[in-house]
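Everything on this sheet refers to the single structure shown next.
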Amino acid sequence: MEIGFVAFWRNTPCEYCASPSEELGTSARIQSAFRAGDRRGIVRQGVYQCRWGSAWQYFTFWLSPNWEALASTIADLEVAGDFKFADSRHFVGTMAAPSSLPSLGSAFPAAAAVLRWKSKVKSAVSPTPLVASAGGAALADGVRVLGPFTSSFVDEWDGFSIWTAPTIENLAWGFDQLERRGLFRGTNVSGTSGNLALAYRFGNHLQRDHDAAAEESQRG
């Protein structure tokens, strides 16, 4: 079993009041917590800017080998002060089948989206397997799908999947394929898309996403 984790966040006014020492010290502790998560086997796939199409500012997604690794990493981030400058919303779910998410070190996708769904009525056909199969068909246009993840045991949504693509236009193409096949019938669906951010705001400054920057340099 693999655990999917998605975090949305937006910065709060208090970040602009942070002293330089508080900002830099908190950032260093957060990076240390991330590295501890890496050692536990968590795969992190970049930070995506989504303010242009969402009430949120950024999102990221991870894959964890088990609940313990995820819980320990979130606890480390709490101690580091990761959540004091932002409002955040987390989604978590389980996936029984092995994923095809690239390991850390593979190029981060330039565009990504989180698709969440909930059946409107009990008799409605669940889109969970349908979204996965439709995503497989969309691979021809550079679209990849991670999931689906089941989340109804911890959330109001039945499940979610993570879509990646070379561009936002490719993502739109993939979603159009779902719509054309009627796979949203009988469900409430919510999606958020974003572009890979090489830098993101923390405290009073834009900070470099070192992992994403490294991948960008490798792509040349």
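Scan (1) under 30 Å from LEU24 (Cβ atoms); (2) modelled with pLDDT of 90 or more for the single condition ASP82 breaks and write down its number.
(2)
Within the stretch 45-68, how many residues are under 17 Å from GLU2 (Cα atoms) and surrounded by fewer than 19 Cβ atoms within 10 Å (Cβ to Cβ)?
Residues in the stretch 45-68 being under 17 Å from GLU2 (Cα atoms) and surrounded by fewer than 19 Cβ atoms within 10 Å (Cβ to Cβ): 4 in total.
Suppose we filter the stretch 165-193 for residues that are closer than 22 Å to SER151 by Cα and not hydrophobic (A, V, I, L, M, F, W, C); how many remain? Working first, answer last.
Within the stretch 165-193, the subset closer than 22 Å to SER151 by Cα is 175, 178, 183-193.
Keeping just the survivors that are not hydrophobic (A, V, I, L, M, F, W, C) gives 185-188, 190-193.
The total comes to 8.
Please go through the stretch 11-28 and give me each residue that is in contact with a helix residue (DSSP H, G or I) (Cβ under 8 Å, 6 or more places away or on another chain) and either loosely packed, with under 14 Cβ neighbours inside 10 Å or outside any helix (DSSP H, G or I) (or both), ordered by number.
Scanning the stretch 11-28 gives a single hit, ALA18.
Report every pair of residues separated by at least 6 positions or lying on different chains whose Cβ atoms are under 6 Å apart, first residue within the stretch 41-64 and under 17 Å from PHE160 (Cα atoms), second among the polar types (S, T, N, Q) and buried (at least 21 other Cβ atoms within 10 Å of the Cβ).
These pairs meet every condition: PHE61/GLN45.
If you scan the stretch 75-89, which residues turn out to be outside any loop (DSSP other than H, G, I, E, B) and surrounded by fewer than 17 Cβ atoms within 10 Å (Cβ to Cβ)? First the steps, then the outcome.
Within the stretch 75-89, the first condition is being outside any loop (DSSP other than H, G, I, E, B), and the residues that meet it are 75-80, 86-89.
Result: ALA75, GLU78, VAL79, ASP87, SER88, ARG89.
In this structure, is GLY53 at positive phi and of a type outside the set (D, E, K, R)?
Values: at positive phi: no; of a type outside the set (D, E, K, R): yes.
Against the criterion (at positive phi and of a type outside the set (D, E, K, R)), GLY53 does not qualify.
Does any residue in the stretch 177-190 that is free of Cβ contacts under 8 Å to residues at least 12 places away in the same chain come within less than 7 Å, Cβ to Cβ, of a residue that is among the polar types (S, T, N, Q) and surrounded by 16 or more Cβ atoms within 10 Å (Cβ to Cβ) six or more places away or on a different chain, and which pairs are these?
Cβ pairs passing all conditions: none.
Restricting the search to the stretch 181-208, which residues are modelled with pLDDT of 75 or more and part of a strand (DSSP E or B)? Outline the logic, then answer.
Filtering the stretch 181-208 down to residues modelled with pLDDT of 75 or more leaves 181-182, 184-198.
THR187, ASN188, VAL189, SER190, GLY191, THR192, SER193, GLY194, ASN195, LEU196, listed by residue number.
Can we say TYR48 is among the hydroxyl-bearing types (Ser, Thr, Tyr) and not in a helix (DSSP H, G or I)?
Against the criterion (among the hydroxyl-bearing types (Ser, Thr, Tyr) and not in a helix (DSSP H, G or I)), TYR48 qualifies.
Determine if the stretch 168-180 includes at least one residue that is of a type in the set (Phe, Trp, Tyr) and either modelled with pLDDT of 80 or more or within 17 Å of the chain's Cα centre (by Cα) (or both).
Yes; the residues of the stretch 168-180 include at least one that is of a type in the set (Phe, Trp, Tyr) and either modelled with pLDDT of 80 or more or within 17 Å of the chain's Cα centre (by Cα) (or both).
The values are calculated or read from the model by the stated rules, or taken from the named source; none is laboratory data. Bear in mind that the values here come from a model prediction, so they are computed numbers and not experimental data. Note that each Cβ is placed from the backbone with ideal geometry, even for glycine, and that neighbours are counted across all protein chains shown.
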